[in-house]
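First up is the structure itself, then whatever we jot down about it.
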Amino acid sequence: MPIDRISHLVAPTPGETPARRRSFYRTFVHFLCSNLGLVIVVIAYSVGGAFLFILLEQYIELQKCQQGSLTENVSISNISESMFNYVTISDEQTSVIYDQIESYLQNFTNDVYERRTDFRYTGQDCETKSGWSFPSALLFAITVITSIGYGHITPVSWEGQITCICYALIGIPIFLLCLANISSILGDMFRFMYSTFLHCMCCCCRVYMRNRRRKRRMRDGKSSNQHAMDYVGKTSIDPNWPEATQQQTDGERLSDDEYDMDHDDDDDMEDVWTRMESRVPILVVILIIIGYVFLGALVVNQFEGWSMRESVYFCYITLSTIGFGDYVPGITSSGTEGLRFLAVCLYIIVGLAVLAMCFDLIKESIVDKFEWIAHKVGIVNEEEDLIDNERTRYTNFQYAQQNTPEKIDSPPPAYDETAADGWYKNVKDKNEPSRKKGNNTYDKH
């Protein structure tokens, strides 16, 4: 049957458009709240903030720089003319002239400090040198949302200052939320790598211990049977006989006690390694922090030419969000100024995530250690152990007293652990039968 294409080319009904829009908005918000969405939001927020502050502050910075340069030229001209006129016209003594020149220079120095405070002018070229370049503005935006605050550049206009307040109020919570998610992912990845490493070590140690016990048993067996007598007092058979292979196989087979001993040792070792895998040691976490700080110090030492002590100091002050601002990368003029700013921005974001991951691992390790101490001392008991013990006692009592599942719902008598003739004294563990279909009372029930 042919399809009427014209009848299908109809506009959507008004009722469908709001539903689709709500679905699109819901999907978009869900994506923004995901880990990747939060990272994209933080990057876009930082880049957008950099351009916003450049728009608000760069023109005012240029104006102030030009004013500072103009006042500097006027001050230089005034002091030059004053000193020349005084030296050529004055007929006073040399000591008086020296004091007057010193006064002129002191006034000029005060003018320099005033220009630096009022106009933030330090003699830079106003046309080519700007503190609000994109790398510098991006570093400023990141230091605002991370609450580091170097202070190497700050907004001076009232528009920029109000914008900075609003920018920090919105950006700091977004960055903290993103930081928490990233640190959680990094923590899971590090736990997985650490547990995988320990699992490999556990397997190697287990194979080594088994081989060692097997060699010890073989050595003990040879030393206890020096006269080639088997355990019933008979001499060993000819190795060429067919029964020799069967006898050797039976001799190598472990007894029940030896098998239980090996199994118990494996269980104990498994418990030890499982406990080690559950938490990362604090020493390992501290080594991660120290390693990341020294890695950043090596990079800063190569880029900025600072000493290793100054580089370590800068990295620690930065990652701890103290941010004194006495050492700021990218301030010195060079061809790699923008690259240094971007490298520091990346180092700050990744470093804060690593530091948050390390703090979470340290917290988990400390909490686990206190719980273990409290459980060993007897201050608290594990809730799951209490529930399992109570269920086991209840089930053993019901199986010992009743055999029909219809009576299992009836509650047992009061349990008194201090009583000498309590009902639990004669309760035995029940061996669970295999639940075959049609032969089990549970299927009927």
For the subset of region 325-351 comprising residues that are closer than 13 Å to Cys315 by Cα and open to solvent by 70 Å² or more (accessible area, probe 1.4 Å), which member is modelled with the highest pLDDT? Leu346
Please determine whether any residue of region 66-73 is out of contact with any Gly (no Cβ under 6 Å at 6 or more places or on another chain), part of a helix (DSSP H, G or I) and more than 25 Å from Ser103 (Cα to Cα). yes
For region 49-67: of the residues being closer than 29 Å to Asp111 by Cβ and without any contact (Cβ under 8 Å) to a residue 60 or more places away in the chain, which is nearest to the chain's Cα centre (by Cα)? Tyr59
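Using the structure shown, decide if Gly131 is within 45 Å of the chain's Cα centre (by Cα), part of a loop (DSSP other than H, G, I, E, B), more than 20 Å from Phe53 (Cβ to Cβ) and of a type in the set (Gly, Ala, Ser). Before you say what the answer is, go through the steps one by one.
Details: within 45 Å of the chain's Cα centre (by Cα): yes; part of a loop (DSSP other than H, G, I, E, B): yes; more than 20 Å from Phe53 (Cβ to Cβ): no; of a type in the set (Gly, Ala, Ser): yes.
It is false that Gly131 is within 45 Å of the chain's Cα centre (by Cα), part of a loop (DSSP other than H, G, I, E, B), more than 20 Å from Phe53 (Cβ to Cβ) and of a type in the set (Gly, Ala, Ser).
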I'd like the full set of residues that are open to solvent by 70 Å² or more (accessible area, probe 1.4 Å) and not in a helix (DSSP H, G or I), limited to region 298-322. Ile322
Hits in region 100-133 - residues which are open to solvent by less than 50 Å² (accessible area, probe 1.4 Å) and of a type in the set (Val, Ile, Thr): Ile101
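Looking at Ile148, Ile97, Ile142, which one is free of Cβ contacts under 8 Å to residues at least 60 places away in the same chain, open to solvent by less than 50 Å² (accessible area, probe 1.4 Å) and aliphatic (A, V, I, L, M)? Before the answer, list the steps.
Working: Ile148 fails: free of Cβ contacts under 8 Å to residues at least 60 places away in the same chain; Ile142 fails: free of Cβ contacts under 8 Å to residues at least 60 places away in the same chain.
Answer to the selection: Ile97.
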Give the residue, chosen from Ser195, Ser136, that is part of a helix (DSSP H, G or I), among the polar types (S, T, N, Q) and either open to solvent by 90 Å² or more (accessible area, probe 1.4 Å) or at pLDDT 90 or above (or both). Ser136
Within the group Glu159, Glu127, which residue is touching a Leu at 6+ places or on another chain (Cβ under 8 Å) and not β-branched (Val, Ile, Thr)? Glu159
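The values are calculated or read from the model by the stated rules, or taken from the named source; none is laboratory data. On a predicted model such as this, the values are computed, not experimentally measured, just so you know. For neighbour counting, all protein chains shown are included, and Cβ atoms are generated from backbone atoms with ideal geometry for every residue, glycine included. Please note that ligands, DNA and RNA were not included when accessible areas were found on the heavy atoms of the full protein model with its side chains. Shrake-Rupley method; radii C 1.70, N 1.55, O 1.52, S 1.80 Å.
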